[in-house]
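Just so it is clear, none of the values below were taken in a lab; they were calculated from the coordinates. All values derive from a computational prediction rather than experimental measurement. We place every Cβ from the backbone using ideal geometry, glycine too, and count neighbours over all the protein chains shown.
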Amino acid sequence: MKIAMVLPHFYPYVGGGELMFYEVAKRLVALGHEVRVVARNVGDEYLGEKNVDGILIRYCKWKSAFGHPLPRTKDIEDVIEWCDVVHTSIFTTAPVTARLARKYGKPSLLTVYEVRGFKWFWTDVFYRALVYFAVEQFCTRQKFDRYHAISEATKRDFLKYCGKRDITRVYLASDLKDEEVKDFSLSDYFGIRNKKVFLYYGRPGRTKGVYVYEKAIAMLKKNGTDLSDVRFCFLLGAEPERPRKEFLKSVVEDGLKGLVKIRPSVSRGELLSCIKQADCVVVPSVTEGFGFSALEACLSGTPLIVSDAGSLPEVVYGKCLKFKNRSEKELAEHIKAVIEKGTDAFDDIEEKSFSVEEMTDGILKIYGEMR
């Protein structure tokens, strides 16, 4: 079978969706299938055609709008004409892929990471939220043969906002391997010693809830909670730039610079090391299609404070505390409980399975059903 994947981003770009496509592509190649990927370039090093793990990848220098690449038909058309099955994901690669798949009569699959619907209006000014809502509706309503949701929450939202269509849930997955964990000191990186560490890692987007988290920390300080032995460490991505600047400004205005430590994101191996060294990981997301960062914390055995947004209740296990989505007060109460009681503050949730084999087998089953 010849499979074409037309994606906004691909390896070595880091993200749950990108990892899914990379793992599926590697598995397909190992099974004797041919895989060609077209995606936006990752710096100047990953530009043009490359062969990675037997996957033929075409990295294209696409322009972007609102942080999303704008693919060109001329970069994609020959790959779709060549393939037996075409697979893409939301958002901006969906319209051009759907059109070309219909043109050449190719079975097509759209992976849906998340559908926010009216939740766009929770996190942005009205006019921007309206634009995002319209773009989401346009992309998710493109005609594909099949649709794939990465969680039950995403499937429910897709059916609610995008109409009744043939959508199958296949979870994302991550298999953490000990050899991936690098020798890396969280304390040295953040310049702290002998402190209880609450760790956040990921993008600073408003849907990731960093502003909820920051206000919870400010609330603790204002209420006189003893935070002398605690530091709130953020491995913060550079994008999106605007909410990142807003977050940094709030940290200063609320007098949290001594408590909040912010450093740039690190490599995957270094990140896994940081997760294992943290006393607690905080995932304060306002919307979440799957919750890859939460799953990584669970797999690492690190206690977790997490919102009940979207798919997160489906994903988390181990020592966890859930707080009501967007509730700064409840998040602050949970943080205080962990400071005072340690691991005794957490609930114990039964272990769950999200294996790479289950994920890739699920995607392969959909491919087979489309042919």
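Annotations for the structure displayed:
- Taking V112, V52, V29 as the candidate residues, the one with maximal mean-square fluctuation in a Gaussian network model of the chain, Cα springs under 10 Å, is V52.
- For the stretch 178-349, the relative contact order is 25 percent, taking Cα pairs closer than 8 Å that sit 6 or more residues apart in sequence and dividing their mean separation by the residue count.
- At R0 = 22 Å, FRET efficiency that the Cβ-Cβ distance of L47 and K74 yields, to 0.05: 0.85
- Subtracting the Cα-Cα distance of K164 and K196 from 0.36 nm times their residue separation leaves 6.7 nm of extension gain.
- Residue list for the stretch 116-145, given a label point 7 angstrom along the Cα-to-Cβ vector of R99 and an amide N cut-off under 19 Å: 134-145
- Largest to smallest principal axis extent of the C-alpha atoms in the stretch 1-159, angstrom: 46, 34, 28
- Of all complete DSSP H helices in the chain, those with a Cα span along the helix axis of 20 Å or greater and a mean Kyte-Doolittle hydropathy of 0.5 or more are 126-140.
- Alpha-carbon centroid distance for the pair the stretch 20-68 / the stretch 292-349, whole angstrom: 34
- Of the trypsin sites (Lys or Arg not before Pro) in the stretch 217-274, the ones in a loop by DSSP (not H, G, I, E or B) with at most 12 other beta carbons within 10 Å are K257.
- Shape call, the stretch 178-349: gyration tensor on alpha carbons, a/c limit 1.5: rounded
- The stretch 47-115: trypsin sites (Lys or Arg not before Pro) falling in loop per DSSP and having at most 10 other Cβ within 10 Å: none
- Computed from the C-beta positions of Q277 and K245 and an R0 of 41 Å, the FRET efficiency is 0.90 to the nearest 0.05.
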